[in-house]
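Structure record follows, encoded as C-alpha cells.
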Ligand code: LP5
Ligand code: MN
C-alpha cells in the first residue's frame with residue numbers, strides 16, 4: 001500500500017488535459033492508496049468555497065467520492081488556493097491541514113507544507129502573502145458576491161503579473177537556512193513540499209544525521225506524484241492523454 005502526495009496541479013476550466021489526468025489519477029490510483037496528501041495549488045486560483053461552477057463542483061465530486069470510499073485525503077493550502085476553507089472540507093470529506101503539519105508515514109515523521117513560506121528571500125511575495133492571509137480581509141472577501149470576487153482577483157493578478165518576471169530564479173527557490181530551521185523546529189529529518197516546480201530529492205547531513213527534502217513536481221506537462229510506501233519512495237510522472245501509468 002502507498003501514501004500519495006501531489007501539488008501544483010493548477011487546475012482550471014482552461015486546463016482539460018490536466019483535469020483529465022487528475023480525474024484518472026483519483027479514480028484509478030488514489031482509490032487504492034492508504035492516504036492522499038494535496039500540498040497546495042491544486043487550483044490555478046480558488047476564489048472561494050461558494051464557487052458553484054461545474055468545474056468546481058466536478059473537483060469537489062472527485063474528492064467526495066474518494067473520501068466516501070474510505071481513502072483519507074489531506075489538503076494544505078497553497079499560494080493560489082489559500083481560500084479553500086471549511087465548507088470545501090465539509091463538502092468533500094477532506095481534512096484541512098495547517099500551513100506546516102507533522103505527519104507519520106509508515107513510522108517516518110515528516111513535515112509537510114506548500115513551500116512558499118520557505119522562500120524567505122522573496123520578500124515582496126511574503127508581504128503580499130501576509131496581506132491576503134489577514135483573517136479580517138478573508139472574512140470580508142468571503143462575503144462578497146462571486147462575480148465581484150472574480151473581478152478583484154483578475155485585477156490583482158494582472159497588476160502583479162509582471163512582478164514575478166523581474167525576480168531571479170534564486171529568490172524564488174527555498175532558503176536553505178529556513179529549511180533547516182523548520183525541520184529543527186519540528187524535530188524531523190524529512191520535509192515534503194511543492195511550490196517551486198523543481199521536483200527533486202535533496203539530501204544533506206548535519207550533526208551526523210541525514211536530512212531529506214522531497215520537492216513535488218507540477219502538472220504542467222504531465223501528472224506528478226510522490227509515491228511513498230513502507231520501504232521506499234519515488235517521484236513519478238503520469239502522462240497526459242490516454243496513456244496508462
Ligand atoms: O504561483 P506562482 O509561482 O505563479 O507565483 C507565486 C507568487 N504569486 C502569487 C500571486 C497569486 O498567484 C495571485 C493572487 C491573486 C490574489 C487575489 C487576492 C484577492 C484578495 C483576497 C483577499 C483575501 O502567489 C509570486 C512568487 C512566486 O510564487 C514564487 O515562486 O514570487 O509572488 C508574486 O509575484 C507576488 C508579488 O511579488 C507581490 C506584488 C505586490 C502586490 C501588492 C498588491 C496588494 C494587493 C492586496 C490585495 C488585498
Ligand atoms: Mn505555489
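The values are calculated or read from the model by the stated rules, or taken from the named source; none is laboratory data. All of these numbers come straight from a predicted model, not from anything done at the bench. Note that each Cβ is placed from the backbone with ideal geometry, even for glycine, and that neighbours are counted across all protein chains shown.
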Out of the residues in the stretch 64-81 meeting the condition of being within 16 Å of ligand 1 (Cβ to nearest atom) and farther than 10 Å from residue 114 by Cα, tell me which one is surrounded by the most Cβ atoms within 10 Å (Cβ to Cβ).
81
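Given the structure, is residue 60 farther than 27 Å from residue 119 by Cα and either surrounded by 15 or more Cβ atoms within 10 Å (Cβ to Cβ) or at pLDDT below 95 (or both)? It would help to see each step written out before you state the result.
Values: farther than 27 Å from residue 119 by Cα: yes; either surrounded by 15 or more Cβ atoms within 10 Å (Cβ to Cβ) or at pLDDT below 95 (or both): yes.
Yes.
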Among helices (runs of 4 or more DSSP H) entirely inside the stretch 128-245, those with 1 or more residues being in contact with a strand residue (DSSP E or B) (Cβ under 7 Å, 6 or more places away or on another chain) and under 19 Å from residue 7 (Cβ atoms) are 176-186
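Pull up the stretch 12-46, narrow it to residues that are closer than 22 Å to residue 101 by Cα and in contact with a helix residue (DSSP H, G or I) (Cβ under 6 Å, 6 or more places away or on another chain), then point me to the one that is farthest from ligand 1 (Cβ to nearest atom).
Within the stretch 12-46, the first condition is being closer than 22 Å to residue 101 by Cα, and the residues that meet it are 30, 33-43, 46.
Then drop every residue that is not in contact with a helix residue (DSSP H, G or I) (Cβ under 6 Å, 6 or more places away or on another chain), which leaves 30, 36.
Working: 30: 24, 36: 22 Å.
My answer is 30.
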For residue 169, only one of the following conditions fails: (1) within 18 Å of residue 8 (Cβ to Cβ); (2) surrounded by 12 or more Cβ atoms within 10 Å (Cβ to Cβ); (3) within 16 Å of ligand 1 (Cβ to nearest atom). What is its number?
(2)
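For residue 9, state whether it is closer than 25 Å to residue 198 by Cβ, away from ligand 2 (no atom under 15 Å from the Cβ) and either touching a helix residue (DSSP H, G or I) at 6+ places or on another chain (Cβ under 9 Å) or assigned to a helix (DSSP H, G or I) (or both).
Values: closer than 25 Å to residue 198 by Cβ: yes; away from ligand 2 (no atom under 15 Å from the Cβ): no; either touching a helix residue (DSSP H, G or I) at 6+ places or on another chain (Cβ under 9 Å) or assigned to a helix (DSSP H, G or I) (or both): yes.
No, not satisfied.
Name the single residue that is farthest from the chain's Cα centre (by Cα) among those in the stretch 21-55 being within 16 Å of ligand 2 (Cβ to nearest atom), crowded, with 20+ Cβ neighbours inside 10 Å and farther than 21 Å from residue 111 by Cα.
Pass one, the stretch 21-55, residues within 16 Å of ligand 2 (Cβ to nearest atom): 37-46.
Add one more test, that the residue is crowded, with 20+ Cβ neighbours inside 10 Å, and what stays is 37-43, 46.
Now narrow it down to the ones that are farther than 21 Å from residue 111 by Cα: 43, 46.
Working: 43: 9, 46: 12 Å.
My answer is 46.
Among the listed residues 55, 82, 22, identify the single one that is in a loop (DSSP other than H, G, I, E, B), closer than 30 Å to residue 162 by Cβ and modelled with pLDDT of 95 or more. Spell out the reasoning first.
On the way: 55 fails: in a loop (DSSP other than H, G, I, E, B); 22 fails: in a loop (DSSP other than H, G, I, E, B).
It is 82.
In the stretch 88-107, what residues are part of a helix (DSSP H, G or I) and surrounded by 14 or more Cβ atoms within 10 Å (Cβ to Cβ)? Write out each step before concluding.
Going residue by residue through the stretch 88-107, those that are part of a helix (DSSP H, G or I) are 88-92.
Residues satisfying the conditions are 88, 89, 91, 92.
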Of all the residues that make up the stretch 205-226, how many are more than 16 Å from ligand 1 (Cβ to nearest atom), farther than 14 Å from residue 108 by Cα and surrounded by 14 or more Cβ atoms within 10 Å (Cβ to Cβ)?
4
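In the stretch 82-98, which residues are more than 16 Å from ligand 1 (Cβ to nearest atom) and on the phi < 0 side of the Ramachandran plot? Give the steps one after another, and end with the answer.
Taking the stretch 82-98 as the starting set, the residues that turn out to be more than 16 Å from ligand 1 (Cβ to nearest atom) are 89-98.
The answer is 89, 90, 91, 92, 94, 95, 96, 97, 98.
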